[in-house]
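The values are calculated or read from the model by the stated rules, or taken from the named source; none is laboratory data. Since the structure is predicted, the reported quantities are computational estimates derived from the model, not experimental observations. For neighbour counting, all protein chains shown are included, and Cβ atoms are generated from backbone atoms with ideal geometry for every residue, glycine included. Note: areas computed on protein heavy atoms with side chains; ligands, DNA, RNA excluded. Shrake-Rupley method; radii C 1.70, N 1.55, O 1.52, S 1.80 Å.
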There are 2 protein chains.
Amino acid sequence: MAVELNTAEALKLWHDTHLELVRDTEPDLSARQVTILLTVYLEPPPHTVRGLATKLGVTKPVITRALDSMGRLNLVNRKRDPSDRRNVLVQRTVKGSLFVERLADTVCQRAANLRAVIA
Amino acid sequence: MAVELNTAEALKLWHDTHLELVRDTEPDLSARQVTILLTVYLEPPPHTVRGLATKLGVTKPVITRALDSMGRLNLVNRKRDPSDRRNVLVQRTVKGSLFVERLADTVCQRAANLRAVIA
DNA sequence: TTAGAATGATACGGCTCCGTAACGACTGAC
DNA sequence: GTCAGTCGTTACGGAGCCGTATCATTCTAA
């Protein structure tokens, strides 16, 4: 459970994980898209466009467009809030869950390799 | 020195760091650009366009364009190899060093916060 | 010296994303 | 019933990156 990274380790982890993601043929998500996706999957619902925009410090169209593209990839889903039909609730999907899980695996693996190299 | 991340910690670290980067007004680098930048700053020179392209598994124009844009930001520098003038050597810059250092700080800080939350 | 290989840069059309400004749908208070 | 306020979306022009194909320069070997 101990999480301690010195400067060199942090950079190597960041580099190695990004390299892995770039090499994969997966669809490359932008930093904003990653942040939105992980927010939806890590924090408790509900997630609205406005809420996400405020949290990320960006404008609403940025969120709408990110949801468009990630929705096209089936990573997230949109649904109108029945209790207030102005709101849109961002929901998780099976494919999104798998994607996030894979991302976690990659980071964990690179962190483990990090220690292996040092040892 | 211990680096052990479970799934939830890895995702939280990835999310929190990306959130911090998105919130910053900094120029957002793509995953490819990050990988190139960190490769140049972490691995021993020389770094050529072809070498970077092979390492990342992308085509040469991708590297050229990334160097164009990061050069515009003064994060890296290009120099002809005097011993073989076909080659271009990618060099570090002061501003790039500061940028990388800042990135490391962000990752380290988020990793530390990670433990603080768990404790 | 010259033909071939190798390097990085460029041209092109296409796609995605950006920020600002508008828009229609919906709610709630009067 | 109406109207101001809120929600998410769309429109628009502009900028950046993509992949493929091609280019000029440089080196190497016959």
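Here are the numbers:
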| read-out | value |
| --- | --- |
| Apportionment of accessible area to carbon and sulfur, segment B:7-118, percent (1.4 Å) | 51 percent |
| Dipole magnitude of the protein assembly as shown, debye to nearest 20 (Cβ charges: Lys/Arg +1, Asp/Glu -1, about Cα centre) | 940 debye |
| Prolate/oblate/rounded label for the protein assembly as shown (Cα gyration tensor, a/c 1.5) | prolate |
| Centroid-to-centroid separation of segment A:42-119 and segment B:1-63 [C-alpha atoms, Å] | 20 Å |
| Interface A:B - total buried accessible surface [probe 1.4 Å, Å², rounded to 100] | 4100 Å² |
| Residue mean of other protein chain beta carbons inside 10 Å, B:99-111 | 4 |
| Positive-end residue, segment B:7-118 charge dipole about Cα centroid, Cβ charges, pick of B:97, B:70, B:49 | B:49 |
| Helix axis angle, A:31-42 relative to chain A longest principal axis, alpha carbon, degrees | 80 degrees |
| Inter-chain Cβ neighbour average for residues A:37-44, partner chain, 10 Å | 3 |
| Projected area averaged over orientations for chain A, convex hull of C-alpha atoms, nm² | 8.8 nm² |
| Peptide B:57-63, shielding by other chains (average Cβ, 10 Å cutoff) | 1 |
| Projected label distance in nm at residue A:59 and residue A:97, using a 7 Å step from Cα toward the beta-carbon | 3.6 nm |
| Helix-only mean residue ellipticity at 222 nm for the protein assembly as shown, each DSSP H run of n ≥ 4 adding -39500 (n - 2.57), per residue, nearest 500 | -20500 deg cm²/dmol |
| Reach of residue B:12 by Cα under 21 Å, taken over lysines that are not fewer than 8 positions away in the same chain | A:12, A:55, A:95 |
| Dipole in debye (nearest 20) - chain B, about Cα centre, beta carbon charges: Lys, Arg +1; Asp, Glu -1 | 700 debye |
| Under 5 Å, built H, 5+ apart or other chain: amide partners of residue B:76 | B:71 |
| Inter-copy label distances at residue A:98 (7 Å, Cα→Cβ; nm, one decimal) | 4.6 |
| Beta bridge orientation in the protein assembly as shown: antiparallel %, DSSP, nearest 5 | 100 percent |
| Amide proton proximity set for residue B:89, modelled H, under 5 Å, gap of 5+ | B:79, B:80, B:81 |
| Other-copy label distances relative to residue B:82, 7 angstrom Cα-Cβ extension, nm | 7.5 |
| Cβ-vector label at 7 Å, residue A:65, separations to other copies in nm | 1.6 |
| Reciprocal mean inverse distance between Cα atoms of segment A:56-119 - Kirkwood radius, Å | 14.2 Å |
